[in-house]
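So the structure is just underneath, and the comments pick up after that.
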Amino acid sequence: MPANLPPEAKAKLAKYSDAKSVEEKIQALEEFISAVPKHKGTENLLLWARRRLAELREELEERKKRRVGGGPSFFVEKSGAGQAVLIGPPNSGKSSILAALTNAKPEIADYPFTTRMPRAGMLPFEDIQFQIVDTPPLLPGSGSSVNNRVLGLARNADAIILVFSLDDTNIVETIDAVVREVEDRGIVITGRRGLARIMKSREVTGVRIEGPGRLTDATEDDVRRLLSQYRIYNAIVYIEGDVSLDDVEAAVYINLVRKPALAILNKVDLPGARETVKPALKRLGEMGIEAIVARQ
């Protein structure tokens, strides 16, 4: 969370929020990072800013590639009634699931990092087609550019399918790490977290609080005073669940989105799966993520 940011840094953050083009957002974030004092209280904020800057730079490169036809693009255009993105750690079996559910024929191997670019297939259901997208493996905590691209796809998708292998003896820790990586990028997939979104509008007079949630440690006046520090005077603050003032402040710089999520616990037929399936189901249940168990 922002901690005692100087007025210059708050002004730069407001400039980023108001920016329209990717180029403008990149410039504003670079200026913001330069203006933020470096201390323990700003570590998380600077981590977000640097991640977001990397994502924007990659997005700009992707657009240039699509414009000039310069090499393969990570972007997957949506098709069918909806798009679901498969996300999981190395060797979780995402490609096998894509092959089983769709008409796609991805490369499948028993070694990690077989998938290096997204691969899409269509899942028929009655007279409807849904698009399923396989992605390169997620490496929580690595800060890799691949993570940025995979989670960029997830943010744009209509739903997320998490894939975990039941032969992972540390599966609960893996689940926690993957979910944390996803939610740290502003993609809310658990039912345990409150959510605040700030929608600035010239048609709104003042700051209004709307939505089914509740403020846990602040009043509407506290929210108005907080947002005025970021030069936000006319906006709707939409809240879901239990929302703190810190959650509202985070929404100033992170555009949170909530995505429906399903977890597939894969490879139940492998040795050791009986020992991991129950704790995995329990952990996902605590998070409010529905799960199904599947064979390889």
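Those residues that are at pLDDT 95 or above and either part of a helix (DSSP H, G or I) or open to solvent by 10 Å² or more (accessible area, probe 1.4 Å) (or both), I need them from the range 83-95; list them, please.
Passing the criteria: only Ala84.
Among (1) buried (at least 19 other Cβ atoms within 10 Å of the Cβ); (2) at pLDDT 85 or above; (3) not in a helix (DSSP H, G or I), where does Leu98 come up short?
The failed condition is (3).
Hey, among Arg185, Arg208, Arg197, which residue is open to solvent by 10 Å² or more (accessible area, probe 1.4 Å), among the basic types (Lys, Arg) and over 30 Å from Val85 (Cα atoms)?
None of the others qualify; the one that does is Arg208.
Go through the range 4-35 and give me each residue that's assigned to a loop (DSSP other than H, G, I, E, B), surrounded by 13 or more Cβ atoms within 10 Å (Cβ to Cβ) and within 24 Å of the chain's Cα centre (by Cα).
Ala19
Could you please tell me which pairs satisfy a Cβ distance under 9 Å, a separation of 6+ or placement on different chains, a first residue in the range 250-264 that is outside any strand (DSSP E or B), and a second residue that is among the aromatic types (Phe, Trp, Tyr)?
From the range 250-264, the pairs are Ala250/Trp48; Val252/Tyr230; Tyr253/Tyr16; Tyr253/Phe32; Tyr253/Trp48; Tyr253/Tyr230; Ile254/Trp48.
Identify, please: which residue in the range 270-296 is open to solvent by 80 Å² or more (accessible area, probe 1.4 Å) and in a loop (DSSP other than H, G, I, E, B) and is, among those, modelled with the highest pLDDT?
Per the criteria, the residue is Pro271.
In the range 219-251, how many residues are over 19 Å from Asn44 (Cβ atoms) and open to solvent by less than 20 Å² (accessible area, probe 1.4 Å)?
Matching residues across the range 219-251 total 6.
Name the pairs whose Cβ atoms lie under 8 Å apart, with the first residue in the range 83-112 and farther than 16 Å from Ile161 by Cβ, the second modelled with pLDDT of 80 or more and in a helix (DSSP H, G or I), and 6 or more positions between them or separate chains?
Lys105/Ala99; Glu107/Ser95; Ile108/Ser95; Ile108/Ser96; Ile108/Ala99
The values are calculated or read from the model by the stated rules, or taken from the named source; none is laboratory data. Keep in mind that this is a model prediction, so the values were computed, not measured. With ideal geometry, Cβ positions are generated from the backbone for all residues, glycine too; neighbour counts draw on all protein chains shown. Note: areas computed on protein heavy atoms with side chains; ligands, DNA, RNA excluded. Shrake-Rupley method; radii C 1.70, N 1.55, O 1.52, S 1.80 Å.
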